[in-house]
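Accompanying notes for the structure given below.
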Amino acid sequence: MYSPQILDHFQHPRNPGQVEDADAAVQIENPACGDILQLTAKTAAGGITEVRFLAKGCVPAMACGSALTELVEGKTLEEARKVRREDLLEKIGGLPEASTHASYLAMDALAALLKEL
């Protein structure tokens, strides 16, 4: 049902937790399913130097949070703004139709985070 990449990010999440002394912190909730994604980040010289996530929800929500941190950490803010949902879906090997909400939650959290930076 889930791609090997989704299962890998779920079983071995990248960048879990919270950034200490974060420059920005956001929490987004999907009211339809109850999934919650929190992102915290630290920046320097116009770039994202550290980003971490906490997620409560389904396997794809947790995997999307993990994969998203890999997509944006080390990027400039301008590059992070160019990350698209399709990039996330490619990184996790796609999502079943019933789980697409997880990718939208991650992208909404990224947009909110970037507004704070």
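The values are calculated or read from the model by the stated rules, or taken from the named source; none is laboratory data. Note that the structure is predicted; figures quoted are calculated from it, not measured. We place every Cβ from the backbone using ideal geometry, glycine too, and count neighbours over all the protein chains shown. Surface accessibility is based on the protein's heavy atoms, side chains included, excluding ligands, DNA and RNA. Shrake-Rupley method; radii C 1.70, N 1.55, O 1.52, S 1.80 Å.
Please specify each residue of the range 6-34 satisfying the condition of being under 17 Å from Val59 (Cα atoms) and in contact with a Lys or Arg (Cβ under 7 Å, 6 or more places away or on another chain).
Asn15, Pro16, Gly17
Restricting the search to the range 87-104, which residues are open to solvent by less than 30 Å² (accessible area, probe 1.4 Å) and in contact with a helix residue (DSSP H, G or I) (Cβ under 6 Å, 6 or more places away or on another chain)?
Keep residues of the range 87-104 that are open to solvent by less than 30 Å² (accessible area, probe 1.4 Å), which gives 88, 92, 94, 99, 102-103.
Answer for the range 87-104, where residues must be open to solvent by less than 30 Å² (accessible area, probe 1.4 Å) and in contact with a helix residue (DSSP H, G or I) (Cβ under 6 Å, 6 or more places away or on another chain): Leu88, Ile92, Ser99, Ala102, Ser103.
Can you tell me which residues in the range 72-86 are more than 12 Å from Leu117 (Cα to Cα) and open to solvent by less than 30 Å² (accessible area, probe 1.4 Å)? Reasoning before the result, please.
The first filter runs over the range 72-86 and keeps only residues more than 12 Å from Leu117 (Cα to Cα), leaving 72-75, 79, 82-86.
Passing the criteria: Val72, Val83.
Identify the residue in the range 1-28 that is of a type in the set (A, V, I, L, M, F, W, C), open to solvent by 60 Å² or more (accessible area, probe 1.4 Å) and farther than 15 Å from Leu110 by Cβ and, among all such residues, is modelled with the lowest pLDDT.
Among them, the one singled out is Met1.
Considering every residue within the range 29-38, establish whether at least one is of a type in the set (S, T, N, Q), more than 18 Å from Asp108 (Cβ to Cβ) and touching a residue at least 40 places away in the same chain (Cβ under 8 Å).
So in the range 29-38, the residues of a type in the set (S, T, N, Q) come out as 30, 38.
From the residues that got through so far, the ones that are more than 18 Å from Asp108 (Cβ to Cβ) too are none.
There is no residue in the range 29-38 that is of a type in the set (S, T, N, Q), more than 18 Å from Asp108 (Cβ to Cβ) and touching a residue at least 40 places away in the same chain (Cβ under 8 Å).
Tell me, which residue of the range 40-61 that is under 12 Å from the mean Cα position of the chain (by Cα) and among the aliphatic types (A, V, I, L, M) is most open to solvent (accessible area, probe 1.4 Å)?
Leu54
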